[in-house]
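The values are calculated or read from the model by the stated rules, or taken from the named source; none is laboratory data. Quick caveat, the model's predicted, so the values are computed rather than measured. When we count neighbours, we look across all protein chains shown, and the Cβ atoms used for this are built from the backbone with ideal geometry, even at glycine. Please note that ligands, DNA and RNA were not included when accessible areas were found on the heavy atoms of the full protein model with its side chains. Shrake-Rupley method; radii C 1.70, N 1.55, O 1.52, S 1.80 Å.
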Amino acid sequence: VWPRVIIYRSFNFSEDTKEGYFKYGVSNHGTGPAVIKYAKVSYLEKPVKSWSQLMIENDIHKNPSFTQSHISTAVLPANYTIEPLAVTEEEQVKKLFEHNGNISIELCYCSVYEDCWLTDKENVPRPAESCKIDENEAFRQ
């Protein structure tokens, strides 16, 4: 039983219709469930607690509107995907795309046998002895 968690970004925007989306997704491409122990989201290496904090404090949007799914402590079954963030409002879509390189996402997850890994947007999982994080750095959304 081996989970394999992938973090991805999805973006589409049409200047003609002014419609589009920006999403972060998390998928488990492994053969067993991934027990996500923590999430850490940072902007320019400064941890944030929520998507709202990320957008407001970093001048992405002053009154953000988005759909979110809890990712901080979740069980992700094999072959399952969740979208921790989905945005469709034009200004936010463009700004998130523009700022994407400054946003880092790190997940620590374990198998049901407590074998653990760290992964980020580069999707190169590294073995982790355990999944512990300073509460001041944990993403809570």
- Query: Within straight cross-link reach of residue 46, meaning Cα distance under 24 Å, which lysines are found once same-chain residues fewer than 8 apart are removed?
  - Reply: 23, 37, 62, 94, 95, 121, 132
- In debye to the nearest 20, how big a dipole does the chain give about its Cα centre with +1 on each Lys and Arg Cβ and -1 on each Asp and Glu Cβ? 220 debye
- Do you know the relative contact order of the range 22-122, to the nearest whole percent, from alpha carbon pairs under 8 angstrom that are 6+ apart? 41 percent
- Item | Given charges at Cβ of Lys, Arg, Asp, Glu: the chain dipole, positive-most of 111, 86, 68 | 111
- Task: Can you send over the carbon and sulfur percentage of the accessible area for the range 89-140, probe radius 1.4 Å, protein chains only?
- Result: 45 percent
- Query: Over the range 24-79, what per residue volume does the convex hull of the Cα atoms give, in whole Å³?
  - Reply: 91 Å³
- Note on the structure: Here, residue 90 and residue 58, labelled 7 Å along Cα→Cβ, have an inter-label distance in nm of 2.4 nm
- Using only Cα atoms, figure out Rg for the range 39-122 and give it as a multiple of 2.2 N^0.38 Å. 1.18
- Task: Would you mind checking the range 82-109 for residues with the amide N under 14 Å from a putative spin-label position 7 Å along Cα→C-beta of residue 45?
- Result: 102-104
- Query: Taking Cα centroids, how far is the range 97-141 from the range 42-75 in Å?
  - Reply: 15 Å
- Quick one: accessible area per residue over the range 1-51, 1.4 Å probe, rounded to a whole number of Å²? 49 Å²
- Computed curve, the chain, Cα-only Debye sum without solvent term, log₁₀ I(q)/I(0) at 0.14, 0.17, 0.18 Å⁻¹, is -0.63, -0.90, -0.99
- Query: Whats the longest run of the chain with zero GluC sites (Glu not before Pro) that are DSSP loop and have at most 12 other Cβ atoms within 10 Å?
  - Reply: 46-113
